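Report on one structure; see the data block that follows.
The values are calculated or read from the model by the stated rules, or taken from the named source; none is laboratory data. Being a predicted model, the structure only gives us computed values, none of them experimental. Counting neighbours? That spans all protein chains shown, and the Cβs are built from the backbone with ideal geometry, glycine included. Only protein heavy atoms, including side chains, enter the accessible area calculation; ligands, DNA and RNA are left aside. Shrake-Rupley method; radii C 1.70, N 1.55, O 1.52, S 1.80 Å.
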Protein chains: 2
Amino acid sequence: MLSRPFLALGFLLCGLSFVELIFTAADATISDENWQGFLLAAVISGLFGGGLVGAFWNAASEKRFDLRSGFILTALCWTVFPLMAALPFLFSNLGMSFTDALFETISGITTTGSTVLTGLDHLDPMLLLWRSVLQWIGGVGIILMAIIMMPFLRIGGMQLFQLESSTRSETSLHARPIALINSIAALYLVLTLLCAGAYAMAGMSAFDAINHAMTTLSTGGYSTHDASLGHFDSAAISWTAVLFMTAGALPFMAYLKSFSGEPRAFLQDPQALPFLGFLAVISAAGAVMLAGMDDGGDALTRVALHVVSIVTTTGFAGEDYQLWGAGFIGLFFALTFIGGCAGSTSGAIKVYRFQLLGIYAGAHLRRLHSPSIVQANAYGGVKLDSEIGLSVLAFLALFVGAFSVGGFALSLTGLDFVTAMSASATALCNVGPGLGEIIGPAGNFSSLPDMAKWILTGLMLLGRLELFALLVLFDPYFWR
Amino acid sequence: MLSRPFLALGFLLCGLSFVELIFTAADATISDENWQGFLLAAVISGLFGGGLVGAFWNAASEKRFDLRSGFILTALCWTVFPLMAALPFLFSNLGMSFTDALFETISGITTTGSTVLTGLDHLDPMLLLWRSVLQWIGGVGIILMAIIMMPFLRIGGMQLFQLESSTRSETSLHARPIALINSIAALYLVLTLLCAGAYAMAGMSAFDAINHAMTTLSTGGYSTHDASLGHFDSAAISWTAVLFMTAGALPFMAYLKSFSGEPRAFLQDPQALPFLGFLAVISAAGAVMLAGMDDGGDALTRVALHVVSIVTTTGFAGEDYQLWGAGFIGLFFALTFIGGCAGSTSGAIKVYRFQLLGIYAGAHLRRLHSPSIVQANAYGGVKLDSEIGLSVLAFLALFVGAFSVGGFALSLTGLDFVTAMSASATALCNVGPGLGEIIGPAGNFSSLPDMAKWILTGLMLLGRLELFALLVLFDPYFWR
């Protein structure tokens, strides 16, 4: 049963090794700082990956790919792969501890963007690029997961987004949607190049433009500067970021449909327009609030940048919005939980779950006072039954449960209330910055105790895998 | 349709008027400070109540009492009754604003216990007694609601606790469980008297003992001293409080069963033992944490008092536990959401919903990886279906939604993050104290802006009525 997932992991690690070899060559050529580390990492990843491929080669002919294989493959990809991808940090000249190296890698691959590194402006450019590439890979990885794997695994209501071509049965993923994977990857690449071009035209250097394009499209938020986008202090760059962060948070299937003869795909998508409307309304309202203040110049640009950055779970910061007052602090904390559309790179709760909560809660209210009413609800053309409802509502309840337990556990490590709660939220929602002086938009995560970093690493993975894909592994029945 | 609820409200207000007349006489005799206010309130309540009784007298012969009547009666009892009960504060010599008077009354009747009054030690004793009586009435009111009305209305999974005698059909409450109401009221009175006796033996004055007994059994937490239980600084009083707060948070039906030939009722109750075990484990763990600190003397008494006070949603404070460190702040914030058992006076999420979340989430996980497994779950002898699951999970999702929206709205009024979030939690969960310097266990709610007080008043009602009993009224379909 386990053979295919391990074979897939083997191929993935061979790919990682290949990328690390490219970084070895580039680092040796350009900065000559960390090529030994990249090389060592490439060798280890290659040996481990090659070994897995050799050991499980027979599995390639297996036809059956069942639910358990899906869960195991998912878990392997998001735990073993980051462990290997952390090696270049561990072997670098930064002297990072294993905890820090893994934190930075998981934060990258989950497209969270919380960082333990400082002095980014003077870092080996190849390490900066490595961080950006991790987010970029993680971004396309989560899109593929969301479109192909999550609906198959029926995670947290994602069964709503099963592709219409009935290429899979209830318990077995038969099809190999290679064409779909290629289309998504190509689209992702094109959007990234467009973003890089726009950043360059707005005034970034080529290096900054490429890095930020990768971390914008993936809604990750790693920057090449400690001051994040604040380093550039440019309205053109801010609006470019707004545009492409939003692009990364829209449902990628709608893009594909748009390009293949369904020009109205975005209009018909149940998430896209409500999501765009929400961003516009919140940004406008926030701009009105900010414009009324002492230092309220350029309010719309400043508010839109941060509203879109937080809601899309990117986490870029142009300035410390905590200085705008208590109302904004509450706003940005609340926005942390929203998230973008399902089937995109963004994390957190996501638009469709709020819509479904509204539908199910409304139906429940109605049934309370009028039990005999017959109600038939649908979402995006799919009839809603009680199974989808239980799936989504259980997700919501466990999500806030994970946030609460995480916040409590962090406070036990000695973090103050604001830091603990906002760290739990920003990690679970894969956003990036928290609140307070330590981990706020002007701070970073380096000074947290190791135990807190491990808790946050776990929360980032838990959130990225929509809780259930990780939690099933802790069910003893899973292993029988 | 609306006649019976208004008739019931009329009787209730006549009862209120009668109690206020007693207070008029007592105040005139004892303190001679506010008898005019009590008298005026009694006249207004009496006129209004009497008018309703007269206008809707015909309804007494109606047999049918349907779901909508149930919702309307519930809403009337918990909004109009407090409006009337606020009059003695409004007409008192304290010069309270309408906002403050209503806040104090709703905080009392919902057994929350947040106060806007200071200088309690020197207040007219009849006003202090009025606050305690409000909590005491609210406490027995919520027990009756939880045992008789909520299961009938099928609110938030409370249908699990339908009484076995099938005295009601799907849409009509036929029985008049007068005998049940009398038994519960008698039990509540006896427990209160026992508590008062124990407080007196532990060293309280008769007046303090009676007041605190009423606010302990109701898990309300109003005190006659600004320093709350800290005023007494007595281990005997602390443990008396622990004992009777716990008694108030246990399911009252289990008491009745114990006294009527089912001595093992508490053992068989699905909530009672897990709840007691939870209190014991958390108190012990907290005591170990506190004992290791500088000022860790008498740790078990101090921790148990506050753990039980917060979990039972009482809110008594013996000291400012925020000084014990970040871990304790996180702990007490998390405990705010727990609550006691369903069918008791305590608020918040309550034990059985956590148990059901565990059952449904576990079943969901199992179905994810093994869709063909047949699962049959039960709770307290009731078979669990997807309707109960949707009911409980929708409650949980909306509960945290209400907490988040409340916290965000409070931050818009200018409250800092800690104050806003903890105020939202403590109001929605009907606990009492929040976190931070302003509304923490050593502070009070008097300095909050009026808008914040109104938001908190709404949250207290929303939490007390388990969200749905209030939210149905906002469904346009309800009124068709």
If you go through the stretch A:313-354 one residue at a time, how many are in contact with a Cys (Cβ under 6 Å, 6 or more places away or on another chain), within 14 Å of chain B (Cβ to nearest Cβ) and among the small types (Gly, Ala, Ser)? 1
From the list A:LEU67, A:LEU40, which one is open to solvent by less than 20 Å² (accessible area, probe 1.4 Å) and either touching a strand residue (DSSP E or B) at 6+ places or on another chain (Cβ under 9 Å) or over 30 Å from A:PRO433 (Cα atoms) (or both)? A:LEU67
Does A:GLY406 satisfy being outside any helix (DSSP H, G or I), more than 7 Å from chain B (Cβ to nearest Cβ) and either within 24 Å of B:ARG366 (Cβ to Cβ) or modelled with pLDDT of 95 or more (or both)? no
Candidates A:SER205, A:SER218, A:SER169, filtered to the one that is at pLDDT 95 or above and within 30 Å of A:PHE399 (Cβ to Cβ): A:SER218
Look through A:PHE23, A:PHE6, A:PHE65 and report the one residue that is modelled with pLDDT under 95 and touching a Phe, Trp or Tyr at 6+ places or on another chain (Cβ under 7 Å). A:PHE6
Exactly one condition in (1) surrounded by fewer than 22 Cβ atoms within 10 Å (Cβ to Cβ); (2) at pLDDT below 95 is not met by B:GLY157; state its number. (1)
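Whether any residue in the stretch A:368-379 is in contact (Cβ under 8 Å) with a residue 24 or more places away in the chain and farther than 19 Å from B:SER422 by Cβ is what I want to check.
yes
Taking the stretch A:400-420, which residues are of a type outside the set (Phe, Trp, Tyr) and open to solvent by 10 Å² or more (accessible area, probe 1.4 Å)?
A:VAL400, A:GLY401, A:ALA402, A:SER404, A:VAL405, A:ALA409, A:LEU412, A:THR413, A:GLY414, A:LEU415, A:ASP416, A:VAL418
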Test each condition in (1) open to solvent by 50 Å² or more (accessible area, probe 1.4 Å); (2) not in a loop (DSSP other than H, G, I, E, B) for A:ASP295 and report the one that comes out false. (2)
What pairs can you find where one residue is in the stretch A:122-135 and within 11 Å of A:THR105 (Cα to Cα) and open to solvent by 10 Å² or more (accessible area, probe 1.4 Å), the other is among the β-branched types (Val, Ile, Thr) and modelled with pLDDT of 95 or more, and their Cβ atoms are less than 8 Å apart, with a gap of 6+ or different chains? A:VAL133/A:VAL19
Kindly provide the set of residues from the stretch A:462-480 that are open to solvent by 20 Å² or more (accessible area, probe 1.4 Å) and among the aliphatic types (A, V, I, L, M), ordered by number. A:LEU462, A:LEU470, A:LEU471, A:LEU473
Counted residues, the stretch A:94-108 - those being in contact with a Leu (Cβ under 9 Å, 6 or more places away or on another chain), assigned to a helix (DSSP H, G or I), open to solvent by 10 Å² or more (accessible area, probe 1.4 Å) and in contact (Cβ under 8 Å) with a residue 24 or more places away in the chain: 2
Of the residues in the stretch B:46-64, those that are open to solvent by less than 60 Å² (accessible area, probe 1.4 Å) and farther than 15 Å from B:PHE6 by Cβ come to B:GLY46
Identify the residue in the stretch A:228-252 that is without any contact (Cβ under 8 Å) to a residue 60 or more places away in the chain and either touching a Leu at 6+ places or on another chain (Cβ under 8 Å) or among the small types (Gly, Ala, Ser) (or both) and, among all such residues, is surrounded by the fewest Cβ atoms within 10 Å (Cβ to Cβ). A:ALA236
Would it be correct to say that A:LEU273 is modelled with pLDDT of 95 or more, part of a helix (DSSP H, G or I) and open to solvent by 50 Å² or more (accessible area, probe 1.4 Å)? yes
Report yes if some residue within the stretch B:64-79 is free of Cβ contacts under 8 Å to residues at least 24 places away in the same chain and out of contact with any helix residue (DSSP H, G or I) (no Cβ under 9 Å at 6 or more places or on another chain); otherwise report no. no
How do the pairs read when you match residues in the stretch A:33-54 that are assigned to a helix (DSSP H, G or I) with residues anywhere that are acidic (Asp, Glu), using Cβ under 8 Å and keeping only pairs 6 or more apart or on different chains? A:TRP35/A:ASP27; A:PHE38/A:GLU20; A:PHE38/A:ASP27; A:LEU39/A:GLU20; A:ALA41/A:GLU20; A:ALA42/A:GLU20; A:SER45/A:GLU20
Odd one out for B:ALA334, checked against (1) farther than 23 Å from B:ALA247 by Cβ; (2) surrounded by 22 or more Cβ atoms within 10 Å (Cβ to Cβ): (2)
Tell me, which helices (runs of 4 or more DSSP H) wholly within the stretch A:414-473 include 3 or more residues that are more than 23 Å from B:ALA361 (Cα to Cα) and among the small types (Gly, Ala, Ser)? A:417-428
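If a residue has to be open to solvent by less than 30 Å² (accessible area, probe 1.4 Å) and facing chain B (nearest Cβ under 7 Å) to count, how many in the stretch A:383-399 make the cut?
7
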Among what's in the stretch B:4-37 and is small (Gly, Ala, Ser), surrounded by fewer than 17 Cβ atoms within 10 Å (Cβ to Cβ) and under 28 Å from the mean Cα position of the chain (by Cα), pick the residue that is nearest to B:GLY70 (Cα to Cα). B:GLY15
Restricted to the stretch B:370-401, and to residues that are of a type in the set (Phe, Trp, Tyr) and in a helix (DSSP H, G or I), which residue is nearest to A:TYR360 (Cα to Cα)? B:PHE395
Quick test of your reading of the structure: B:PHE468 fulfils all but one of (1) touching a residue at least 60 places away in the same chain (Cβ under 8 Å); (2) more than 9 Å from chain A (Cβ to nearest Cβ). Name the failing condition by number. (2)
I'm trying to understand the selection: among the residues of the stretch A:426-451, which are closer than 18 Å to A:ALA402 by Cβ and surrounded by fewer than 24 Cβ atoms within 10 Å (Cβ to Cβ)? A:MET451
Filtering the stretch B:355-364 down to residues that are open to solvent by 10 Å² or more (accessible area, probe 1.4 Å) and in contact (Cβ under 8 Å) with a residue 24 or more places away in the chain, which residue is farthest from the other protein chains (Cβ to nearest Cβ)? B:GLN355
So the check is Cβ under 7 Å with 6+ separation or different chains; which pairs have a first residue in the stretch A:253-265 that's closer than 22 Å to A:PRO151 by Cα and a second one that's surrounded by fewer than 17 Cβ atoms within 10 Å (Cβ to Cβ) and among the small types (Gly, Ala, Ser)? A:ALA265/A:SER258
